[in-house]
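**Q** Questions regarding the structure given below will be posed in turn.
The values are calculated or read from the model by the stated rules, or taken from the named source; none is laboratory data. The shown structure was predicted, so the numbers you read here are calculated from the model rather than taken from an experiment. Quick reminder, even Gly has a Cβ in these numbers, built from the backbone with ideal geometry, and neighbours come from all protein chains shown.
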Amino acid sequence: MQVYETKLLGGITRTKEFERKKLASFAVNVGTKCGHDCLYCSTGALLRMHRSFVEVGQSPFDHGYAIVDPSTPERVSVDARRIRHRGVVQLCTTVDAWAPEAQAHQLGRRCLEAILSEPGWSVRILTKSASVVADYDLVARYRDRVLVALSITGTGENEALLRVIEPNASTITERISAMARARALGLRTFGMFCPLIPGVADTPEHVDQLINLAAGWCAEEVFVEPVNPRGPGLRLAQEALERHGYHEQARAIQAVRQRRTWSAYVVRLLKHVQRSMRRHLEISRLRFLLYPSGLTPEDAQLIRGDDSGVVWLDKPERRELAD
Ligand code: SF4
């Protein structure tokens, strides 16, 4: 993994996009390219015009490199003091503050300290790295003001397969253990199952296992998102799975790369999630994040017949995603 350093401008920035998703009103990001290197990651598409990619001479859509800003905590500290109208900050929204290149500078912990040392702020931690467990002591000190989630994209039985498409993230088993540890320490948690990829984690059985886990963590909210059909991410995931012999799963991904089939997958996934939420938790805690532009009119109408837990979204606002 080639790691580049850059200097960003903002520390804590407003995010209308994540506010609409009911996740946070503010964002902190510690770089522009995450070293976890998930093949379906949409950050490259969102930040494709960002100057940092020109500076390092890399395409935002390529893999095998990370761009990090080690000075982020200093800017976050300034903003945490300066901003008067405070709220929930998501750490992070476009990269991961516990990815290896960020961990090398303790960016997750240092940003947390910078935000929480000022009153009026809460933090939503979202990561795919179980190394966040080392910072649970700090989270516990501010336990009322921090929500923790490790993003879980499948069940343990698909661990090897997920290693192919999330090559540098912690294994699913490690992430699930980190969530269980958070629960054991009495930390506030939420469920994050994004994305649930077809052929990997979209069957009724997979979904039920995941929601049952969230119930065990006493998740305050559960966020679920279908995989984004745009950009090269799905194609890359499909090709990688094919190369590693996961032909059936690769075919399932290929099948949703057209609008009609993607739309049907979303309808099925929502039904499974709603059923499991009603069985194991409460439907009022569900946040099924849905951009309706890819749905067929018939499927959109079908979903509106029972859209319990659906958060309807417009197109992402690219401007706010980086400075
Ligand atoms: S952990 Fe998140 S930000 Fe990092 S590569 Fe994976 S999807 Fe992208």
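**Q** So, in region 75-112, exactly how many residues are touching a residue at least 24 places away in the same chain (Cβ under 8 Å), more than 12 Å from the ligand (Cβ to nearest atom) and among the charged types (D, E, K, R)?
**A** 6
**Q** Which ones in region 90-119 are among the small types (Gly, Ala, Ser) and under 20 Å from the mean Cα position of the chain (by Cα)?
**A** Within region 90-119, the subset among the small types (Gly, Ala, Ser) is 97, 99, 102, 104, 108, 114, 117.
Those that are among the small types (Gly, Ala, Ser) and under 20 Å from the mean Cα position of the chain (by Cα): Ala97, Ala99, Ala102, Gly108.
**Q** Another question, then. Within region 113-129, track down each residue that is in contact with a strand residue (DSSP E or B) (Cβ under 7 Å, 6 or more places away or on another chain) and within 16 Å of the ligand (Cβ to nearest atom).
**A** Initial filter on region 113-129 (in contact with a strand residue (DSSP E or B) (Cβ under 7 Å, 6 or more places away or on another chain)): 115-116, 121-128.
If the condition is that a residue be in contact with a strand residue (DSSP E or B) (Cβ under 7 Å, 6 or more places away or on another chain) and within 16 Å of the ligand (Cβ to nearest atom), then Arg124, Ile125, Leu126, Thr127, Lys128 are the ones that fit.
Rundown of residues vs (1) assigned to a loop (DSSP other than H, G, I, E, B); (2) within 15 Å of the ligand (Cβ to nearest atom); (3) surrounded by 21 or more Cβ atoms within 10 Å (Cβ to Cβ); (4) among the basic types (Lys, Arg), yes/no style:
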{"residue": "Glu17", "(1), (2), (3), (4)": "no, yes, yes, no"}
{"residue": "Leu23", "(1), (2), (3), (4)": "yes, yes, yes, no"}
{"residue": "His36", "(1), (2), (3), (4)": "yes, yes, yes, no"}
{"residue": "Leu39", "(1), (2), (3), (4)": "yes, yes, no, no"}
{"residue": "Gly44", "(1), (2), (3), (4)": "no, yes, yes, no"}
{"residue": "Arg48", "(1), (2), (3), (4)": "yes, yes, no, yes"}
{"residue": "Val54", "(1), (2), (3), (4)": "no, no, no, no"}
{"residue": "Phe61", "(1), (2), (3), (4)": "yes, yes, no, no"}
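**Q** Under 6 Å by Cβ, and 6 or more places apart or on different chains, what pairs join a residue from region 197-213 that is under 15 Å from Arg275 (Cα atoms) and of a type in the set (A, V, I, L, M, F, W, C) with one that is buried (at least 22 other Cβ atoms within 10 Å of the Cβ) and modelled with pLDDT of 95 or more?
**A** As it stands, the answer is Val207/Val273; Val207/Ser276; Leu210/Phe193; Ile211/Ser276; Ile211/Met277, since those pairs meet every condition given.
**Q** Here is a follow-up. So which residues in region 159-189 are closer than 12 Å to Val133 by Cα, of a type in the set (D, E, K, R) and more than 14 Å from the ligand (Cβ to nearest atom), if there are any at all?
**A** Those that are closer than 12 Å to Val133 by Cα, of a type in the set (D, E, K, R) and more than 14 Å from the ligand (Cβ to nearest atom): Arg181, Arg183.
**Q** Inside region 128-142, can you point out the residues that are within 21 Å of Phe223 (Cβ to Cβ) and touching a Gly at 6+ places or on another chain (Cβ under 7 Å)?
**A** Listed by number, the list holds a single entry, Val132.
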